[in-house]
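Structure, as C-alpha cells:
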Amino acid sequence: MLNEKVYKALNQQIEVEADSSAIYLAMASWCDKEGLAGCAQFFYAQSDEERMHMLKLVHYINEMDAHAIVPGLTAPKIDYPSIQDVFQIVYKQEKLVTESIHKIMDICNECNDHATIHFLQWYVAEQREEEAQVREILDKIRLIGSGGQSLYYIDKEIEKINKKRIAAEAEEEAAA
Ligand code: FEO
C-alpha cells in the first residue's frame, strides 16, 4: 500500500509525463509541417517514450494496490518561432521533469518508502540521460549557427541521433 503523500505525488507525475508526451507530439507535428523530417522523427519517438514513462507509473501505482488516475490533457503549444526555440523549450521541460522526480524521491525518503525509491531510480537515470542529450543538441545548434543552410544541418544532426536510437533499440531487443 502506498503512503498518501507518495500516492498523490506519483499521480501528479503521471500528468507531467502525459504533458511531456503531448508537447513532444505537437513539436513533431510542427517539425513535419516545417519540412524538418529528422526533427519530426525525433519528436514522434520522444513522445512515445514519454507515454511509456507515464504507463510505467500507471502500472506501478496499480501494482501497489492503489488507483492510478489518468489526467486530462493540457493543450500544448502548436506553433514555435524556430527549431532553436523548440529545443530550448525541451530543455526547460526536461529540467522540470527532473525536479519533479527528485521531489517525489524526497517525499519517499521522508516516508521510508523503499519500494518506490527503487522504482524511481530508473527515472533518475533516464532524466540524467535525457538532459545530457538535449544539452548536446543545443551545443550543436549553437555551433551550426543561424546561417542560410543551418536548418538543413540541424536536421541532419538530429537524423544521426535517430539512427543511434534505432540501433540501440535493435540491440536491446536482440539481447532480450
Ligand atoms: Fe519522462 Fe523526459 O521525461
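Of the residues that sit in region 29-54 and are of a type in the set (A, V, I, L, M) and touching a residue at least 60 places away in the same chain (Cβ under 8 Å), which one is surrounded by the fewest Cβ atoms within 10 Å (Cβ to Cβ)?
Here is the first cut: in region 29-54, the residues of a type in the set (A, V, I, L, M) are 36-37, 40, 45, 52, 54.
With the extra rule that they be touching a residue at least 60 places away in the same chain (Cβ under 8 Å), the set shrinks to 36-37, 45.
Working: 36: 23, 37: 14, 45: 16.
Checked region 29-54; the qualifying residue surrounded by the fewest Cβ atoms within 10 Å (Cβ to Cβ) is 37.
Give the residues of region 112-147 that are more than 16 Å from the ligand (Cβ to nearest atom) and open to solvent by 90 Å² or more (accessible area, probe 1.4 Å), sorted by residue number.
Within region 112-147, the subset more than 16 Å from the ligand (Cβ to nearest atom) is 112-118, 139-147.
Correct list: 112, 114, 118, 142, 143, 146.
Do we have any residue at all in region 89-106 that's surrounded by fewer than 18 Cβ atoms within 10 Å (Cβ to Cβ) and at positive phi?
No, region 89-106 contains no residue that is surrounded by fewer than 18 Cβ atoms within 10 Å (Cβ to Cβ) and at positive phi.
Which of (1) under 17 Å from the mean Cα position of the chain (by Cα); (2) surrounded by fewer than 20 Cβ atoms within 10 Å (Cβ to Cβ); (3) within 16 Å of residue 158 (Cβ to Cβ) does residue 26 not meet, given it meets every other one?
Looking at each condition in turn, residue 26 falls short on (3).
Among the residues of region 161-176, count how many are under 23 Å from residue 89 (Cβ atoms) and surrounded by fewer than 12 Cβ atoms within 10 Å (Cβ to Cβ). Spell out how you get there, then give the answer.
Quick first cut of region 161-176, residues under 23 Å from residue 89 (Cβ atoms) only: 161-162, 164-165.
Next cut, surrounded by fewer than 12 Cβ atoms within 10 Å (Cβ to Cβ) only: 164.
Number of matching residues: 1.
I need the full set of residues from region 4-23 which are open to solvent by 10 Å² or more (accessible area, probe 1.4 Å) and polar (S, T, N, Q), in order please.
Correct list: 11, 12, 21.
The values are calculated or read from the model by the stated rules, or taken from the named source; none is laboratory data. None of these values were measured; they are calculated from a predicted model. Backbone-built Cβ (ideal geometry, glycine too); neighbour counts: all protein chains shown. Please note that ligands, DNA and RNA were not included when accessible areas were found on the heavy atoms of the full protein model with its side chains. Shrake-Rupley method; radii C 1.70, N 1.55, O 1.52, S 1.80 Å.
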